[in-house]
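The values are calculated or read from the model by the stated rules, or taken from the named source; none is laboratory data. Worth saying up front: this structure is predicted, and the values here are computed from it rather than measured. Every residue, glycine among them, receives a Cβ derived from its backbone with ideal geometry; neighbour counts consider all protein chains shown.
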Number of protein chains: 2
Amino acid sequence: MAEQDKSTDKPEALTAKKSENFSEWFHQLIKVADIIDQRFPVQGFLTYKPYGYEIFNNFIAILEDQLTKTGHKKCYFPIAVPERLLNKEAKHIESFNAEVFWITHGGETKFTERLALRPTSETVMYEMLSLWIRSWRDLPMKIHQSTTVYRYETKHTRPLIRDREIHWNEAHTSHATAEEAAKQIEIGVKIYSEVFKQCGVPTLFLNAADVFPGAVSAIEPYTVFPDGRSLEMGSVNNLGQRFSKAFDVKFVKEDGTEDFAYQTCYGISERVLAAVIAIHGDDKGLIIPPRIAPIQAVIVPIVFEKEKKKILASAKKLADDLKDELRIHFDDREMTAGAKFYDWELRGVPIRIEIGPRDIKNDSVTLVRRDTGKKEQVKQKELIKKIFLTLDEIQESIYKKALAWHETKIKLAKNINDIVENVQAGLLSKVLWCGNPACAADMEKKSDAVFLGYDAEDRSIKKTDECMCGNKAKHIGYIGKTY
Amino acid sequence: MAEQDKSTDKPEALTAKKSENFSEWFHQLIKVADIIDQRFPVQGFLTYKPYGYEIFNNFIAILEDQLTKTGHKKCYFPIAVPERLLNKEAKHIESFNAEVFWITHGGETKFTERLALRPTSETVMYEMLSLWIRSWRDLPMKIHQSTTVYRYETKHTRPLIRDREIHWNEAHTSHATAEEAAKQIEIGVKIYSEVFKQCGVPTLFLNAADVFPGAVSAIEPYTVFPDGRSLEMGSVNNLGQRFSKAFDVKFVKEDGTEDFAYQTCYGISERVLAAVIAIHGDDKGLIIPPRIAPIQAVIVPIVFEKEKKKILASAKKLADDLKDELRIHFDDREMTAGAKFYDWELRGVPIRIEIGPRDIKNDSVTLVRRDTGKKEQVKQKELIKKIFLTLDEIQESIYKKALAWHETKIKLAKNINDIVENVQAGLLSKVLWCGNPACAADMEKKSDAVFLGYDAEDRSIKKTDECMCGNKAKHIGYIGKTY
């Protein structure tokens, strides 16, 4: 029968508990809450369902708004990279060579040069920037694009976390001086901090222990997942002149001499959506931060047969009155109120507005918060004000809760044994670190964990603090399991 | 010297005249007005510059707004199509086989099954719809996506007109009955009509003379270019059960029996942007319809040395006052006002606001329309009202002018010789047509032109009207040169 679920995938209900089996809970939730569908028969290529895509696009809209405000212009650069361009920067091709998708034919025609699907757009963009940038007057040049990139991941794919078609935004800036590029890195971090805050995602910005030859720095935003594994959600890179020299992005300075541009690039991906789901959700389903919720409030009529018409009319009127004020949805489906409650809780709608016979009698509605479950009678004339207040409260409160929880997921490790124990307990370790990449590599090897990087902003190191190697500690490092 | 133009492409100024050499004018303009850059070394893969991309995105935003209002949900479906999916519908693969880009390798691994870059998304989407649609309750299902598709065009590529990476939006709907699908086609045409209107593009919606076996109808929106060649900007297709049978998109009806879904799909592409440029532009450059203009008004201070500070401050204040009201730009570059005028006329900004010493004295500004060049003194306190009024006037007036002009590009042809003469005169021919595809093919062969289709809405055929073949005429057909 066609009525039965044709899918061989997940059940239609959320049955896993977040605290008992986080991974199963996450996989069930992204399916049953209509975030994505991973049944398309190419591994690592997801279909975004409307609800999931709207959350993603709301996140991208916040990001693009921040980028526009800070002078980044939105562009589009081609998806196909000729092999010779990809090869122009040696370390770049070394990083990506094993995971590039190659286009080799158009129709029956075999190409003389293979085309890569962009694994990231440096090589495409900088080839064009070498034509666009000629003089100091053209600088700084800040561009960005929201698009998809492609990586033939050999590791196990995980929806929204390790896909082969990746949705992201990448920004690229070119500057006349190294100082200006360094400043831009701070701006990049600030932009992402604001975006993570609006998405309610606690973040550690960590400097990579080691960077590519020629590049200056790489800062990566991480968040710890409930299972203790950290997720790198993007990166902010000071490229120095590494690419500008390879791609001849040269400019004439005010004094008439020439120099190569100083470049930065930063990107964040749909992994932010994975973090939103993983961090805020509970056993009932998603909890979407109001700023990025596709539906900020849902109106559910509590229908009793004899007053059905009147109640539906009131609910409809309420929805019409509110529809220009916020993202509202009126659920007039023919099903029980209880089933609707279940459904909208699963989808993480921040506010539920119930309207039943008693509410109508009192000129009021019942407002229910998704995050706390708290119910409140609200007079209809005060409703708009109350909704905005509540959305702000939810936004702030779930972020605060997430920050406090995130703190509990990080624990100081004084030795390798502590790191191992923390991993077993589902925690990320903080360590005192001397700053030597070899020492970080040694910790990794002994603990079978990953040294994420160090917090360059953290000044809490004391003079007497020592790294595990016995040398003086310089930084607070972070080590643990990752995705 | 790096100061010189590294490009070997087009000059930095618009030197061609639209009336003398339309093709050269178009190619120069899309470069110098910063619409696209076609120097990326893969043929048919364009880079969108910020200004051009914003016009494109404003067009897409109008379209998506119309789609949302009519119940279409935005999704994202994967870019890579396994060969066996592409092959599921015979006529579909026949149309696209010669122009599919094939991904054959991931890193060093050769795939056992090649992946096509989507040439269009029917095969990807309908594979998923066969999982999503199970019962009449799931219908109608209306989805859309704004994305890129890939066609290895063997014809000469032309920027924005015939590319190999194509930016577009495609909508796909599934229905329980053929009647509902037919109604949806009307909605699709209405949506596109509204979009073309807001972009100021005159359009003929023509039914294809012939459709694929199994499909019901194909309606294509055309516009005539200044050189007399017609541009197909998209299509609205009633697919019937052609794909639902191939992809098993089946549903259980209310009465318990099963049927395949009745499907429609419609898409329009960046060709609309090409049409906007081609139709409205003049020898000075672009004229962008206000609704899609990235900058709706530009403020140019007319600076005299002794009052420089005062004038710049006034202009800046004006820009700040207006910035929440419309898309405004304050041009404070260090260059002559004349050079700025030239620049913004080239970019087609609808309104220029000049503010100089005399304007300040009179508490006024000088408002200049891009389309007519008309200058007017406007009191500052009346400015906002006047701007909105003028934007509306420009929007309406350039569309009216385009419609009238478009009429002059179409001429009745009574015989083959007329068609040939019309083609030579840069005109599209209207013909009386019997409705027989073979007869249309015959006209094509004899005139070396393309039969675009017929206007199913045009009821002006008289009883005595005859087709060239001597049979009774049923429809007004269109035949001419195309892109």
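Sort out which residues of the range B:30-49 are facing chain A (nearest Cβ under 9 Å) and more than 18 Å from the chain's Cα centre (by Cα), and write them in order of number. If the condition is that a residue be facing chain A (nearest Cβ under 9 Å) and more than 18 Å from the chain's Cα centre (by Cα), then B:37, B:39, B:40, B:41, B:42 are the ones that fit. The residue that is nearest to residue A:277 (Cα to Cα), counting only those in the range A:188-220 that are among the aliphatic types (A, V, I, L, M) and within 18 Å of the chain's Cα centre (by Cα), is A:201. Restricted to helices (runs of 4 or more DSSP H) entirely inside the range B:307-426, those with at least 3 residues that are free of Cβ contacts under 8 Å to residues at least 24 places away in the same chain are B:308-322, B:337-346, B:383-408, B:416-424. Note on the range B:97-111: among residues that are part of a strand (DSSP E or B) and among the polar types (S, T, N, Q), the one that is farthest from the other protein chains (Cβ to nearest Cβ) is B:109. Of the numbered criteria (1) assigned to a loop (DSSP other than H, G, I, E, B); (2) over 21 Å from residue B:392 (Cβ atoms); (3) under 23 Å from the mean Cα position of the chain (by Cα), the one residue B:287 fails is (2). When the criteria are applied in full, residue B:460 fails the requirement of being of a type in the set (Ser, Thr, Tyr) and within 28 Å of residue B:162 (Cβ to Cβ). Taking the criterion of being assigned to a loop (DSSP other than H, G, I, E, B), over 17 Å from residue A:235 (Cα atoms) and among the β-branched types (Val, Ile, Thr), the only residue of the range A:114-153 that qualifies is A:133. Comparison of B:272, B:276, B:201, B:300 shows that the only residue that is in contact (Cβ under 8 Å) with a residue 12 or more places away in the chain, more than 23 Å from residue B:182 (Cα to Cα) and assigned to a strand (DSSP E or B) is B:300. Name every residue in the range B:388-429 that is crowded, with 20+ Cβ neighbours inside 10 Å and under 19 Å from residue B:483 (Cα atoms), in order of residue number. Correct list: B:409, B:419, B:422, B:423, B:427, B:428, B:429. Exactly one residue out of B:257, B:223, B:173 is in contact with a Pro (Cβ under 9 Å, 6 or more places away or on another chain), modelled with pLDDT of 95 or more and within 14 Å of another protein chain (Cβ to nearest Cβ), and it is B:173. One residue is enough: does the range B:52-60 have a residue meeting the conditions at pLDDT 95 or above, in contact with a strand residue (DSSP E or B) (Cβ under 6 Å, 6 or more places away or on another chain), more than 17 Å from residue B:166 (Cβ to Cβ) and in the same structural domain as residue B:154 (by TED's automatic domain parsing)? No; the residues of the range B:52-60 include none that is at pLDDT 95 or above, in contact with a strand residue (DSSP E or B) (Cβ under 6 Å, 6 or more places away or on another chain), more than 17 Å from residue B:166 (Cβ to Cβ) and in the same structural domain as residue B:154 (by TED's automatic domain parsing).
Total residues in the range A:51-96 satisfying the condition of being within 11 Å of chain B (Cβ to nearest Cβ), touching a residue at least 40 places away in the same chain (Cβ under 8 Å), assigned to a helix (DSSP H, G or I) and not aromatic (Phe, Trp, Tyr): the figure is 4. In the set B:113, B:89, B:122, only one residue is over 23 Å from residue A:82 (Cα atoms) and either over 24 Å from the mean Cα position of the chain (by Cα) or polar (S, T, N, Q) (or both); that residue is B:89.
So residue A:123 ticks every box in (1) buried (at least 22 other Cβ atoms within 10 Å of the Cβ); (2) of a type in the set (Ser, Thr, Tyr); (3) within 9 Å of another protein chain (Cβ to nearest Cβ) but one. Which box is left unticked? Residue A:123 satisfies every listed condition except (3).
Screening residue A:145 with (1) of a type in the set (S, T, N, Q); (2) out of contact with any Asp or Glu (no Cβ under 8 Å at 6 or more places or on another chain); (3) within 12 Å of chain B (Cβ to nearest Cβ) gives one miss only, at (2).
Residue count for the range A:36-60 under the criterion of being among the β-branched types (Val, Ile, Thr) and either in contact with a helix residue (DSSP H, G or I) (Cβ under 6 Å, 6 or more places away or on another chain) or within 14 Å of residue A:277 (Cβ to Cβ) (or both): the result is 3.
All conditions but one from (1) more than 7 Å from every other protein chain (Cβ to nearest Cβ); (2) in a strand (DSSP E or B); (3) surrounded by fewer than 18 Cβ atoms within 10 Å (Cβ to Cβ) apply to residue B:156; the one that does not is (2). For the range B:444-481, filtering for residues that are free of Cβ contacts under 8 Å to residues at least 12 places away in the same chain and more than 22 Å from residue B:421 (Cα to Cα) leaves 4.
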